[in-house]
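Q: I'd like to ask you about the structure that follows.
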Amino acid sequence: MRLQDIIREVPDFPKKGILFYDITTLAKNPPAFHQAIDQLAEHYRDRPVDLVVSVEARGFIFGAALAYKLGAGFVPVRKPGKLPAEKVRVEYALEYGTDAMEIHKDAIEPGQRVLVFDDVLATGGTIAAAIDLVKRLGGAVIGTAFLIDLTFLNGKQKIGDYQVFSLIQY
């Protein structure tokens, strides 16, 4: 099945001029959801992954399921004020503003192999910030994965030399 046919496109969200790709329509469709997780996991089947680090909030939906499928742990990256223990924070630019995110200081042990996942690669600011957090904690980023890559926004440029894998490209 073509996963992109199941994703709802919402114009002018979260602000005018943005075309938002709503993955909730894919997540609620059992065959499509299973296919997406299976295809993501298959790409990393032969690469050891200790942890999947995923970005709040839609990234959690697929990131946690991907971690389970890979036999890896799951680490959330959250917006400020959401994590209860000692944390590391980074500020970054979005395609439509600025934001910050945090990770628990003890979430990653030095040398752990980390796959960084988010639902959509847009301008790359969010994933670059997540990579920065992983590196600050001593994690070894083995790649980045996305459900969707908005290739026309050139987000790969902010990721540097890290491998980018996505199931759907627009």
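Q: Setting aside same-chain residues fewer than 8 positions from LYS135, which lysines have a Cα under 29 Å from its Cα?
A: Output for LYS135: LYS69, LYS79, LYS82, LYS87, LYS105, LYS156, LYS158.
Q: Can you list the residues, at least 5 places off or on another chain, whose amide H is less than 5 Å from the amide H of GLN163, using H built in the peptide plane?
A: When sequence neighbours closer than 5 places are left aside, the close amide H contacts are THR144.
Q: Could you derive backbone 3J(HN,Hα) for the stretch 152-165 from the dihedral phi with the Karplus parameters 6.51, -1.76 and 1.60 (θ = phi - 60°), listing whole Hz in sequence and x where the residue is Gly or Pro?
A: 5, 8, 6, x, 4, 4, 7, 8, x, 8, 6, 5, 10, 10
Q: Scattering from the C-alpha atoms of the stretch 44-132 alone, worked out with Debye: what is log10 I(q)/I(0) at q = 0.10, 0.18, 0.25 1/Å?
A: -0.24, -0.77, -1.36
Q: Provide the per-residue ³J(HN,Hα) series for the stretch 136-147, in order, calculated from phi with Karplus coefficients 6.51, -1.76, 1.60 and θ = phi - 60°, each as a whole number of Hz, with x at glycine and proline positions.
A: 4, 8, x, x, 9, 6, 8, x, 10, 9, 9, 6
Q: If we sort 140-152, 112-124 on the protection proxy, mean other Cβ atoms within 10 Å, highest first, what's the order?
A: In descending order of packing, they fall as 112-124, 140-152.
Q: Another one. Nothing charged except the Cβ atoms of Lys and Arg (+1) and of Asp and Glu (-1): what's the magnitude of the dipole of the stretch 47-169 about its Cα centre? Round to the nearest 20 debye.
A: Working: 14 positive and 14 negative charges, 29 e Å.
It works out to roughly 140 debye.
Q: Which whole-Hz couplings ³J(HN,Hα) result when phi for each residue of the stretch 33-39 is put into the Karplus expression 6.51 cos²θ - 1.76 cosθ + 1.60, θ = phi - 60°, listed in order with x for Gly and Pro?
A: In residue order, the calculated couplings are 4, 4, 4, 4, 5, 4, 5 Hz.
Q: Indicate, rounded to the nearest 5 percent, the antiparallel portion of the DSSP beta bridges found entirely in the chain.
A: Details: 13 of 35 bridges.
So the antiparallel bridges in the chain amount to around 35 percent.
Q: Suppose a student asked you for the relative contact order of the chain, using Cα pairs under 8 Å spaced at least 6 residues apart; what percent would you report? Walk me through the intermediate numbers first.
A: On the way: 338 pairs, mean separation 29.4, N = 170.
It rounds to 17 percent for the chain.
No lab work stands behind these numbers, since they all come straight from the coordinates. Predicted model only: the values in this text are computed from it and were never measured. A quick note on method: Cβ atoms are made from the backbone with ideal geometry, for glycine too, and the neighbour counts reach across all protein chains shown.
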